[in-house]
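Colleague: Here it is: the structure, laid out below.
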Amino acid sequence: MTATVFSIANQKGGSGKTTLAMNLAAGLSGRGRTLVVDADPQGSAVQWSGMAPERRPFPVPVIALGDNLASEIQRFRRDYDFIVVDCPPSLETERTNKAMLASDRVLVPVLPSPVDLWASMRLARAIEQIRPIRPGLEACLVVNQLEPRSALSRAMQEALAEFEIPALASPIRRRAVYRNVAIEGRSVFCLGRQGDAAKAEIAAIIEEITGP
Ligand SMILES: Nc1ncnc2c1ncn2[C@@H]1O[C@H](COP(=O)(O)OP(=O)(O)OP(=O)(O)O)[C@@H](O)[C@H]1O
Ligand SMILES: [Mg+2]
């Protein structure tokens, strides 16, 4: 058995990497053994899971890895079905590159404005540079914090159409539940009905990225 490895990367800060990583991992844990690798020196994913009360731990182990993360991820591939790597908001350190090199797919959360998308151009370049040594590496954008009930602006649709990395069909909307579960060390999958819409959008992303 060998895990599928997803890196959640964008050198732009605050685009939703940790939020996507943790909720995605919680959703994936319903399908197979899942591990979160916190590759960010800020340690947000570790902090997130640390907020969970002892009687109700985060459903997925979260481990911090540093410069040796590529070899460690290879080692963990044997023990898990899915590994989700939360990358730092930087391309200056080698960590994002190393994580992407060890991955099957890179998910790039972007806020729904062309300016934010253009800021991800450097990451797109980095992915292009990696492709010759990591053939088959897939990359896709995930639009995050889309306004509730509104569609993508025309300007954003045009910017996405021109961008070299395709976007998943399923966006993530701006919802208070995403902020709340982080503080409580949980995921949207722990919520009752008030989490249904968020659960559905994370489940739709899982369908897209694990589908045939
Ligand atoms: N869909 C969403 N709806 C509401 N709030 C969100 C959503 N996605 C992210 N947030 C909030 O936006 C902030 C930034 O998100 P997050 O920490 O996941 O980004 P990040 O890319 O990991 O940041 P960094 O680059 O610092 O690692 C957090 O306060 C988070 O709770
Ligand atoms: Mg983060």
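The values are calculated or read from the model by the stated rules, or taken from the named source; none is laboratory data. Please read these numbers as outputs of a predicted model, since none were measured by experiment. Ideal geometry is used to build each Cβ from the backbone, glycine not excepted, and the neighbour counts take in all protein chains shown. Accessible surface areas use protein heavy atoms only, side chains included; no ligands, DNA or RNA. Shrake-Rupley method; radii C 1.70, N 1.55, O 1.52, S 1.80 Å.
Colleague: Can you tell me how many residues in region 62-88 are open to solvent by 60 Å² or more (accessible area, probe 1.4 Å) and outside any strand (DSSP E or B)?
Modeller: We begin by selecting, within region 62-88, every residue open to solvent by 60 Å² or more (accessible area, probe 1.4 Å); these are 64, 67-68, 71, 74-75, 78-79.
Next, from what is left, pick out any that are outside any strand (DSSP E or B): 67-68, 71, 74-75, 78-79.
Going through region 62-88 one residue at a time, the tally reaches 7.
Colleague: Let me ask you something else. In region 144-170, which residues are open to solvent by less than 60 Å² (accessible area, probe 1.4 Å), more than 17 Å from ILE205 (Cβ to Cβ) and in a loop (DSSP other than H, G, I, E, B)? Give the steps one after another, and end with the answer.
Modeller: The initial filter retains those residues of region 144-170 that are open to solvent by less than 60 Å² (accessible area, probe 1.4 Å), namely 144, 146, 148, 150, 152-153, 155-156, 159-160, 163, 165, 167-168, 170.
With the extra rule that they be more than 17 Å from ILE205 (Cβ to Cβ), the set shrinks to 148, 150, 153, 155-156, 159, 163.
Listed by number, the residues that qualify are PRO148, SER150, SER153, PHE163.
Colleague: Find the residue count for region 144-177, including only residues that are at pLDDT 95 or above and either within 16 Å of ligand 2 (Cβ to nearest atom) or touching a strand residue (DSSP E or B) at 6+ places or on another chain (Cβ under 6 Å) (or both).
Modeller: Summing the residues that are at pLDDT 95 or above and either within 16 Å of ligand 2 (Cβ to nearest atom) or touching a strand residue (DSSP E or B) at 6+ places or on another chain (Cβ under 6 Å) (or both) in region 144-177 gives 11.
Colleague: Sticking with this structure for a sec: Would you mention how many residues in region 4-24 are of a type in the set (Lys, Arg) and near ligand 2 (Cβ under 9 Å from one of its atoms)? Give the derivation first.
Modeller: At the first step, the residues of region 4-24 found to be of a type in the set (Lys, Arg) are 12, 17.
After this cut, where a residue has to be near ligand 2 (Cβ under 9 Å from one of its atoms) as well, the list is 17.
Residues that pass the stated criteria total 1.
Colleague: Still on this model: For LEU141, state whether it is in a helix (DSSP H, G or I), over 30 Å from GLU54 (Cα atoms) and open to solvent by less than 30 Å² (accessible area, probe 1.4 Å).
Modeller: Criteria not met by LEU141.
Colleague: Here is a further query. Quick check on my filter: what residues within region 5-44 are under 13 Å from the mean Cα position of the chain (by Cα), open to solvent by 20 Å² or more (accessible area, probe 1.4 Å) and either more than 8 Å from ligand 1 (Cβ to nearest atom) or over 15 Å from CYS87 (Cβ atoms) (or both)?
Modeller: GLN11 - this is the single residue of region 5-44 that is under 13 Å from the mean Cα position of the chain (by Cα), open to solvent by 20 Å² or more (accessible area, probe 1.4 Å) and either more than 8 Å from ligand 1 (Cβ to nearest atom) or over 15 Å from CYS87 (Cβ atoms) (or both).
Colleague: Still on this structure: Can you name every residue in region 178-212 that is of a type in the set (Phe, Trp, Tyr) and within 16 Å of ligand 2 (Cβ to nearest atom)?
Modeller: Just the residues of region 178-212 that are of a type in the set (Phe, Trp, Tyr), to begin with: 178, 189.
If the condition is that a residue be of a type in the set (Phe, Trp, Tyr) and within 16 Å of ligand 2 (Cβ to nearest atom), then TYR178 is the only one that fits.
Colleague: Can you find a residue that is more than 13 Å from ligand 2 (Cβ to nearest atom), open to solvent by 40 Å² or more (accessible area, probe 1.4 Å), more than 15 Å from GLY185 (Cα to Cα) and in a loop (DSSP other than H, G, I, E, B) anywhere in region 50-59?
Modeller: No, because not a single residue in region 50-59 is more than 13 Å from ligand 2 (Cβ to nearest atom), open to solvent by 40 Å² or more (accessible area, probe 1.4 Å), more than 15 Å from GLY185 (Cα to Cα) and in a loop (DSSP other than H, G, I, E, B).
Colleague: Also: Name the single residue that is most open to solvent (accessible area, probe 1.4 Å) among those in region 89-112 being more than 17 Å from ARG131 (Cβ to Cβ) and among the hydrophobic types (A, V, I, L, M, F, W, C).
Modeller: LEU111
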